[in-house]
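Note sheet for the following structure.
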């Protein structure tokens with residue numbers, strides 16, 4: 001493990017970010033998209049860009065635009081942005097952290113917020129991973 005006060009080379013930061021994003025976040029985004037589709041929403045998880053961003057877009061059938069949860073890297077600051085956008089009211093919530101913020105607890109918390117606040121929906125997979133009273 002590296003000293004948090006010592007920045008990584010940009011190449012190493014991007015490699016660790018990309019590996020962590022695909023290994024930890026992508027499966028949770030895919031599972032959330034599946035749960036959303038089963039609940040009657042349009043949902044899609046995808047990556048784009050360089051460095052890659054992972055995005056989960058969710059909308060009701062009558063919405064022209066999607067709410068989303070996006071994870072992106074800030075190479076200059078060597079941090080990760082977790083961004084929630086709610087199309088219904090146009091608000092954005094952001095959480096910054098290190099690469100270690102790409103973990104199930106942070107992602108589940110953000111997913112729960114997206115679906116609870118944006119669609120009044122609880123994801124079964126997120127609920128199953130956390131005991132009653134966790135939230």
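Values quoted throughout were computed directly from the atomic coordinates according to the rules given, and no laboratory measurement underlies them. Not measured: the values here are computed from a predicted model. Glycine also receives a Cβ, built like all others from the backbone with ideal geometry; neighbour counts cover every protein chain displayed.
Brief remarks on what is shown
- Residue count, segment 30-63 (criterion: under 14 Å from the mean Cα position of the chain (by Cα), touching a residue at least 60 places away in the same chain (Cβ under 8 Å) and crowded, with 20+ Cβ neighbours inside 10 Å): 2
- Candidates 66, 120, 73, filtered to the one that is surrounded by 17 or more Cβ atoms within 10 Å (Cβ to Cβ) and within 18 Å of residue 40 (Cα to Cα): 66
- Residue within segment 24-38 that is touching a helix residue (DSSP H, G or I) at 6+ places or on another chain (Cβ under 8 Å) and not in a helix (DSSP H, G or I) present: no
- Filtered by the rule that a residue be more than 12 Å from the chain's Cα centre (by Cα) and surrounded by 16 or more Cβ atoms within 10 Å (Cβ to Cβ), segment 76-97 gives 78, 79, 86, 87.
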